[in-house]
Each structure stands twice: as structure tokens, then as C-alpha cells.
1. Return, for the Cα atoms of region 2-200, the radius of gyration and Dmax in Å, separated by a comma.
2. Compute from the Cα atoms of region 1-75 the Rg and the Dmax, the latter being the longest Cα-Cα distance, and quote both in angstrom.
3. Modelling each spin label as a point 7 Å along the Cα-to-Cβ direction, I'd like the SER53/THR183 distance in nm, to one decimal.
4. Sort 171-182, 62-73 for me by packing, meaning the mean count of neighbouring Cβ atoms within 10 Å per residue, highest on top.
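Just so you know, all these numbers are worked out from the coordinates, no wet-lab data involved. None of these values were measured; they are calculated from a predicted model. Because the Cβ atoms are built from the backbone with ideal geometry, glycine has one as well, and the counts that use them run over all protein chains shown.
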Amino acid sequence: MTYILIGITCLVSFMAFNNPQLRANMLFIPTAVKNRGETYRFISHGFIHADMSHLFFNMYALYIFGGIAEYQFNRMFGLTFGNVAYLLFYLSAIAASSYVEYTRSQNNPGYSALGASGAVAAMMWPFIMYAPWAWFIFPPLPAILLGIGYIAYSHYADQRGGSNIGHNAHLWGAIFGLIAYSTLAGFLEPDILSEFFGRLMQPQGPNF
């Protein structure tokens, strides 16, 4: 499913690079959602990107996190429904990551956003809760500190403003991922949480 999502996102993004009308129709534009009822934009904007570097970094991060997330969702829902649950989690994260910005910008005709960053931020947490002490090359941090630091920095950067980067979507995507995934695991597969806390209490060196 991760490869399918990456493939679809790359295909649609490439199409939007060369089709301004398609891009305009898929952007997250709060005023269009409010005034014209175009609620599909809560999802569609997650499949287009500003440029190749934006697309590459999001899809590379999804590639890193996605495989573990699929494995964990299969544990919770079984092989038959695991991929469906994974897909619904991803799509829900796209929408959830934009909702707070919708409430802030629904009367701002100049605001628009695009990209899968919010959903990718949510996908960190299945990975983090599986391997909290896995190290990353960039930034050079273990996963658990990356997750906490990502939320803290996104909040700081959103409050500071002055950037075209959607830090608010990053923040709420990560928060959604943490809460929604922890809740699902707690109800459906409590061993995921107990394993996470067990690994968290036993820091290890780089293992990825």
C-alpha cells in the first residue's frame, strides 16, 4: 500500500506540475471549502506538491515510515483489513492536518496549501512506537526524540510565522498520528503499547 500511495502521489503531482488548472482544482483553499462546499480539497491537496524537492522529501519520508506502519496495521486489523485501515488512517491524517488551518483561514481568500507533509507526519508514530531508538542520519536523532522535537518545532515555527511552509499542518498531522494511532493500538492490540514502553525503557544504539 505504501508503494501504491507513493506511485499515485508521484503521478498526480507530475500531472499537476504541467497542468495549472488541475493544480488549482486540488489545492487546499479554505474559502473554496466554506463558500463552494468543495470538501474534497481536504484530501486532494495531499496528492500534489509544489516542486520536485517537495515531492521527493515527502515520498522519501513516507517510504521510510510506511512499511512499519503497514506491518502494525496488519497486526491490529489482520491481513484482510490492515491495508484498508492503513489507507484510511493516511487519508484521515491529510484531512485532520488541515482542519485547524481551515478554521483560521476560512475567510482568507489568499490562503492555499498543498502537499502530503501532514499525513507523513502522522505516519511517523507507528514507526516511532515500533522502534523508538532507531537513529536517523538527518537529523541525527533517535526516533522518539525526532517525534517529540518535530511537534515542538512545528508549534514554535507556526507561532513565529513568516514562512511559506505549512508548519500548522505538520503540527496537527503529527498530533493526529500520535493520538489516533495510540488509541487504535490501545483498543485493538495493546501489546503494541506495552512493547513500545518496554523498548523505550531500554535505549539501544542505532538499529536501522
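1. 16.7, 51
2. 14.1, 42
3. Result for the modelled spin labels: 3.7 nm.
4. 171-182, 62-73
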